[in-house]
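Enquirer: Please see the structure below; I have some questions.
Read the figures in this text as sums done on the coordinates, not as results from a lab. Note that this is a predicted model, so its numbers are computed, not measured. Please note: Cβ atoms are built from the backbone with ideal geometry, for glycine as well, and neighbour counts cover all protein chains shown.
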Amino acid sequence: MFDIKIINGLIVDGTGKKAFAADLAINGDKIAAIGDLSKEDAKKVIDAKGQMVAPGFIDFHTHSDYTILFDQRACSRIHAGVTTNVIANCGIGLAPIRDERKQDLISYLSTRIVGTVNAPLFLDWNTVDEYFKRIESNPPAVNVVAYLAQGPVRIDEMGFQDGPASPEQLEHMKAEVVKAMEAGCVGLTSGLIYMPGSYTPKEEMAELCKAMAPYGGYYCTHIRDEGDLEMEALDEAIYIAKEGGVPLHVSHLKAMGAQNYGNVKLCFEKLKAAEAEGLEVSYDAYPYSRGMTSLGAFMPPWLFEGGVSNLVERLKVPELREKAKQDVINGLDNWHSTFVMCGGWKGVMIGSVMKEENKYMEGKTLQDLADDAGVDAFDFAFDLLISENGKVQVVDSIMDQADVDTVITDPNTMIGSDSCDFAHDGILNFGKPHPRAYGTTGVMFRRYVRELGLLTNEDVVRKMTSLPAKRLGIANERGTLKEGYFADIVIFDPETISDVATYADPKQYSVGIDTVIVNGQVSMENGVQLEDVHAGRLLRRK
Ligand SMILES: [Zn+2]
């Protein structure tokens, strides 16, 4: 007698092998059998007729470090078929941190996705192991794999001090790396565009990698520049991994800025060359060509001197307005104009505004809005900033869709949403997220399998299961449907599985996912999440 039997489905086992008809049985938290089980009994039978049965998806790049503590349901993940979150990406994490530095780290985290939750942030731990125990004491609905983020390691030791660490500081940080690896981290992440990664020289990062090397960890990086200086940034990443004696993983691989469209091919060439020289290389991406930021981020920094309210006042002065326009068009010595990266106002769509009278703008580009109003697009943008007191969220087209397609369809690209968890109710129902938070897995099937025919269902499943499981070091027990493996399973309809979230209306769960099972426990059935089931586990590196 099995606990659960899934019948009539097509098994997509995660390895890329073609789907085949078979039943699958679960006992406890493991897969007990795959094959013709028509003569076997089970306490619960799930009919998967017309559907595919696959390993639960691994979201390879999340910022759910806090959200898994605030709301254990992980609703946007379960509804996307995700059964494992990988956390502490881009050098941003919640431990280690000594008491004296906690306020520094908290104020920093609140400026990043990981800390955008509309609740007081806290750090009631010091070590990575203590943070892990906190997760384990009240686990979320999905499994969690964690990196060690370089940000807190450096803030813990040096605060926001610029420049290289002293030999003594470096030794302390290396000792923290060892402690975190022993606690079960799978690697070290960096975010070299963010403080304190931006203060960290490559030699120091390589030293931290050396400390991790004996534990089989790898260096996972948000590289220092994804635009004009991307090749140099990749050279630096390759240097760090080689020098540190660890594999390299490049996060959210992309080429930013209209002037850099097409550069992902050069990125691949560089990474392949490093591979040919013996470096182990991997990468992930999200399947969207747009980013999300504030319209204020398009303005030259001098407009903000003295505070955001000065932006509004300065934009009312004709001469300053004209100077701002020139700077936005031409950029400044130490400031890249996002306007240029987007290819002009046609690449900037209004995401959200506060005032009712401006709501009609949401979902339209600034160029179209200005053309409709018969005014210059710069004047339209400046007047909107004045009207909204600077609070305008925009979706900016910073990547070429052809580049995104090139990266996503590369057989070695893993998929990550680059987001935290959201929910339709409760504390994680906040803000206006990038649709990737909800739609990443759905886009993969809708766009790349059904609309473009560039990937098969089996390819997509592999990219989100066995491929990342291998990188994470969990491929001997997860990421593939196999007897004896943990029963992380998703059942979906290949004809209908799709994202629903859009830039204008992002808070929408994906559709076509019927059942989600985490460690043998049914967490979603008939498309409805069982919100009391929190069957995830923290998967410490073994
Ligand atoms: Zn990043």
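Enquirer: Under 17 Å from the 7 Å Cα→Cβ point of Leu530, by amide nitrogen: which residues of region 470-512?
Expert: Those under the cut-off are 487-492.
Enquirer: Report relative contact order for the chain in percent, whole number only (criteria: Cα-Cα under 8 Å, sequence separation at least 6).
Expert: In percent, rounded to a whole number, it is 22.
Enquirer: Using only the alpha-carbon atoms of region 399-542, report the extent along each of the three principal axes, biggest first, to the nearest angstrom.
Expert: 41, 38, 30
Enquirer: Radius of gyration and Dmax for region 51-103's Cα atoms, expressed in Å?
Expert: Rg then Dmax for region 51-103, in Å: 14.3, 54.
Enquirer: How long are the three semi-axes of the equivalent ellipsoid of region 389-452, in whole Å, if each is the root of 5 times an eigenvalue of the C-alpha gyration tensor, listed from largest down?
Expert: 26, 17, 10
Enquirer: What pairs from Lys391/Lys432; Lys44/Lys463; Lys5/Lys39; Lys17/Lys470 go past 19 Å between their alpha carbons?
Expert: Values: Lys391/Lys432 13 Å; Lys44/Lys463 30 Å; Lys5/Lys39 11 Å; Lys17/Lys470 16 Å.
Beyond 19 Å: Lys44/Lys463.
Enquirer: Rounded to the nearest Å, what's the spacing between the alpha carbon centres of region 265-306 and region 112-152? Just the number, please.
Expert: Between the Cα centre of region 265-306 and that of region 112-152, the gap is 25 Å.
Enquirer: Dividing the alpha-carbon radius of gyration of the chain by 2.2 N^0.38 Å (N being the number of residues), what value is obtained?
Expert: Computed over Cα atoms of the chain, the ratio equals 0.98.
Enquirer: For region 81-138, what is the convex hull volume of its Cα atoms per residue in Å³?
Expert: 113
Enquirer: Right, next: Read phi for every residue in region 504-511 and hand back ³J(HN,Hα) as whole Hz from Karplus 6.51 cos²θ - 1.76 cosθ + 1.60, θ = phi - 60°, with x for Gly and Pro.
Expert: For region 504-511, the Karplus curve yields 6, 9, x, 7, 9, 5, 6, 10 Hz.
Enquirer: What are the ³J(HN,Hα) couplings of region 163-173, residue after residue, when phi is run through the Karplus curve with 6.51, -1.76, 1.60 and θ = phi - 60°? Round to Hz, x for glycine and proline.
Expert: Result, ordered by residue: x, x, 6, 6, x, 5, 4, 4, 4, 4, 5 Hz.
Enquirer: Can you give me the long-range amide H partners of Leu279? Hydrogens built in the peptide plane at 1.01 Å from N, cutoff under 5 Å, separation of 5 or more residues or another chain.
Expert: Under 5 Å from the amide H of Leu279: no residue qualifies.
Enquirer: Relative contact order of region 1-42, please, whole-number percent, based on alpha carbon pairs below 8 angstrom and at least 6 residues apart.
Expert: 42
Enquirer: Ordered by packing density, taken as the mean number of other Cβ atoms within 10 Å over each peptide's residues, highest first, how do 268-276, 530-538 rank?
Expert: Averaged packing, sorted descending, gives the order 530-538, 268-276.
Enquirer: A further question follows. In terms of modelled amide H atoms, which long-range or inter-chain residues lie less than 5 Å from the amide H of Met292?
Expert: Amide H neighbours of Met292: Asp396.
Enquirer: While we're here: Hey, which lysines would be in cross-link range of Lys346, C-alpha to C-alpha under 17 Å, not counting anything within fewer than 8 residues on its own chain?
Expert: Partners within reach: Lys325, Lys364.
Enquirer: Another question, if that's okay. What residues have an amide H closer than 5 Å to that of Ile11, excluding those fewer than 5 places away on the same chain, when H is modeled at 1.01 Å from N in the peptide plane?
Expert: Here Phe20, Ala21, Ala22, Val53 satisfy the definition.
Enquirer: Find the Cα radius of gyration of region 292-396, compare it with 2.2 N^0.38 Å by division, and give the number to two decimals.
Expert: 0.98
Enquirer: If you don't mind, there's one more thing I want to ask. Where does region 224-355 land on Rg(C-alpha)/(2.2 N^0.38 Å)?
Expert: In units of the 2.2 N^0.38 Å rule of thumb, it is 1.33.
Enquirer: Which whole-Hz couplings ³J(HN,Hα) result when phi for each residue of region 269-283 is put into the Karplus expression 6.51 cos²θ - 1.76 cosθ + 1.60, θ = phi - 60°, listed in order with x for Gly and Pro?
Expert: Each residue of region 269-283 in turn: 4, 5, 5, 5, 5, 5, 5, 4, 8, x, 7, 7, 10, 8, 6 Hz.
Enquirer: May I pose another question? When ranked by the protection proxy of mean other Cβ atoms within 10 Å per residue, highest first, what sequence do the peptides 111-117, 285-291 form?
Expert: Top of the packing list down: 285-291, 111-117.
Enquirer: Taking each pair of different alpha-carbon atoms in region 488-536 once, compute 1/r for the pair, average those values, and report the inverse of that mean as the Kirkwood hydrodynamic radius in Å to one decimal.
Expert: One decimal place: 11.6 Å for the Kirkwood radius.
Enquirer: P(r) for region 100-216: what percent of alpha-carbon pairs falls in each 5 Å bin, starting at zero?
Expert: All Cα pairs, binned at 5 Å, distribute as 2, 11, 20, 23, 22, 14, 6, 2, 0 percent.
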